[in-house]
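What follows is a single structure, written as structure tokens, with notes after it.
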Amino acid sequence: MNQSSAVRVALRRRDPALQNSGGLMVIGGPPFQGKSVLAAHLAEILPHAYKLEVVDNLSLTSEHWYPEGLTGERLHTPLRSMLDTALGIWNRRLPGAPPLIIVSARAGTRASRRLAHQTAMAAGMKFLYVEAFSHGIRALERLSSLVLSKHELLLRMRRYDAAKQQYIPVGPEEMKILPAVRLRRALSDPDGAIRTVLARWAVA
């Protein structure tokens, strides 16, 4: 077991309240900011977790999602469809085992975050929005690690800049009504990010 896994196991054992903590958690933010990393780690820690994740590799100008896995028709701007799938999982829950559905998608507008929050509230689901940002050098490292031609790398860097500019961060007014936590070092300190999310989730 590596150090990061040991930290996650220790966190889980120290907080038995997390063993029965179902609901909807949306992890949003621009590309390459740590959404997928956080979603994977949280799904590993929390019981009865289901992870719904968009493809966000900047090979296209927009994110997309395959509802049936990696085949079939992909959906662009897929959050509404993902929320419908989350509701289906929630409605099939077993007594005493409420699922945690983790949705990893950009959710870059107030309207999209409001839709997720309202969907969860209408279904009686606990809800938290996690805004993932990371240090710019971490995002650049992830981009640079791709095995691409110089031309394609430049294209993806432009798409990354555009996507980051299009994301509307959660502001003070939105924070008053939206259960949310904002991370600024999601990739630089993933274990610290997990601790922050779990602490906020426990009181959401």
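The values are calculated or read from the model by the stated rules, or taken from the named source; none is laboratory data. For clarity, every value in this text was computed on a predicted model and none was experimentally measured. A quick note on method: Cβ atoms are made from the backbone with ideal geometry, for glycine too, and the neighbour counts reach across all protein chains shown. Calculation scope for accessible area: heavy atoms of the full protein, side chains included, ligands and nucleic acids excluded. Shrake-Rupley method; radii C 1.70, N 1.55, O 1.52, S 1.80 Å.
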Check: Which value, in Å² rounded to 10, gives the accessible area of His135 with a 1.4 Å probe and all protein chains present?
Finding: 110
Item checked: Heavy-atom accessible area ranking, 1.4 Å probe, most first, across Leu94, Leu155 -> Leu94, Leu155
Item checked: Projected-area average for region 151-204 over all orientations - Cα convex hull basis, square nanometres -> 5.0
Note to self: If I stretch the segment between Leu115 and Ile168 completely, what's the gain in nm (0.36 nm per residue apart, minus their alpha carbon distance), one decimal?
What the structure shows: 17.6 nm
Next item on the list: For region 89-204, give the magnitude of the charge dipole about the Cα centre (Cβ charges: +1 Lys/Arg, -1 Asp/Glu; no others), in debye to the nearest 20.
Entry: 140
Notebook entry, point to check: Setting aside same-chain residues fewer than 8 positions from Lys51, which lysines have a Cα under 26 Å from its Cα?
Noted result: Lys35, Lys126, Lys164
